[in-house]
Amino acid sequence: MVDVSGHFAMALLFAAPAWFLWGRRASLAFAGFTLVTAMLPDSDLLLRHVIPGVHHHGVTHTILFVTVFSVVAGALSASLLTSRFEASRWVRSDDIGEKAVFTFATVGFLTGGMSHLFADLLSAPDIAPPLTPLWPVYAKPIIVDVIYYDSPIWNFGLLGVALAVHYALYRHERYPLETAYMIRES
């Protein structure tokens, strides 16, 4: 596992394709949301104090957990937040449907969670147990281990690269792709 700055950097890199789907405000919001969700798999650090048998790099560090959590959280977001987004003066669109909110939230959780798993695969097991991200299909650990956990070059260097990528995409004049999941800005 990389440190928190490395997880944020990887989340930003995984979120970069949003610039091709949405306008600037939605893409910035997606990048910010992905940063918030990037630490989702580390919820096991809190859960292990409440639920016996939960350990770090356990079930919360699996593709199954991240996917199921993302779909459930996306569905809850769509049902609870769509009307609030449509009424908000901060959102420059009056036609945000439940499908767009579901997609935005689900993909945001998936992006943050999967980026976390990928970053941990690159750096575990320096100081933590190896991951079994394909559990229950494949229960053996997968180890890549090319990054040292405390490496400032990797963590902050990758964060600098990720911020530069987002800045370049922000400055680039382009048109989002036409999709059913667009959040149109007025």
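The values are calculated or read from the model by the stated rules, or taken from the named source; none is laboratory data. These numbers were taken from a predicted model, which means no experiment stands behind them. Backbone-built Cβ (ideal geometry, glycine too); neighbour counts: all protein chains shown.
Conditions (1) assigned to a helix (DSSP H, G or I); (2) within 22 Å of Thr103 (Cα to Cα); (3) more than 16 Å from the chain's Cα centre (by Cα), marked per residue:
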| position | (1), (2), (3) |
| --- | --- |
| Phe8 | yes, yes, no |
| Trp22 | no, yes, yes |
| Ser27 | yes, yes, no |
| Leu45 | yes, no, yes |
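Restricting attention to the range 107-125, the residues being more than 27 Å from Pro17 (Cβ to Cβ) and in contact (Cβ under 8 Å) with a residue 24 or more places away in the chain number 0. With respect to the conditions (1) modelled with pLDDT under 95; (2) within 18 Å of His116 (Cα to Cα); (3) not β-branched (Val, Ile, Thr), Ala38 falls short on a single one, namely (1).
Checking each residue in the range 107-117 for being over 18 Å from Phe156 (Cβ atoms) and either in contact with a Lys or Arg (Cβ under 8 Å, 6 or more places away or on another chain) or not β-branched (Val, Ile, Thr) (or both) picks out Gly108, Phe109, Leu110, Gly112, Gly113, Met114, Leu117.
Is it the case that Val71 is out of contact with any strand residue (DSSP E or B) (no Cβ under 7 Å at 6 or more places or on another chain), among the β-branched types (Val, Ile, Thr) and part of a helix (DSSP H, G or I)? When the stated conditions are applied, Val71 passes them. No other residue among Val71, Val50, Val36 is surrounded by fewer than 16 Cβ atoms within 10 Å (Cβ to Cβ), within 23 Å of Thr103 (Cβ to Cβ) and without any contact (Cβ under 8 Å) to a residue 40 or more places away in the chain apart from Val71. Of the residues in the range 124-137, at least one is surrounded by 14 or more Cβ atoms within 10 Å (Cβ to Cβ), touching a helix residue (DSSP H, G or I) at 6+ places or on another chain (Cβ under 6 Å) and at pLDDT below 95. Considering Ser70, Ser27, the condition of being under 19 Å from Val161 (Cα atoms) and of a type in the set (Gly, Ala, Ser) is satisfied by Ser27 alone. Pro141 fulfils the conditions (1) closer than 22 Å to Leu12 by Cβ; (2) surrounded by 14 or more Cβ atoms within 10 Å (Cβ to Cβ) except for a single criterion, (1).
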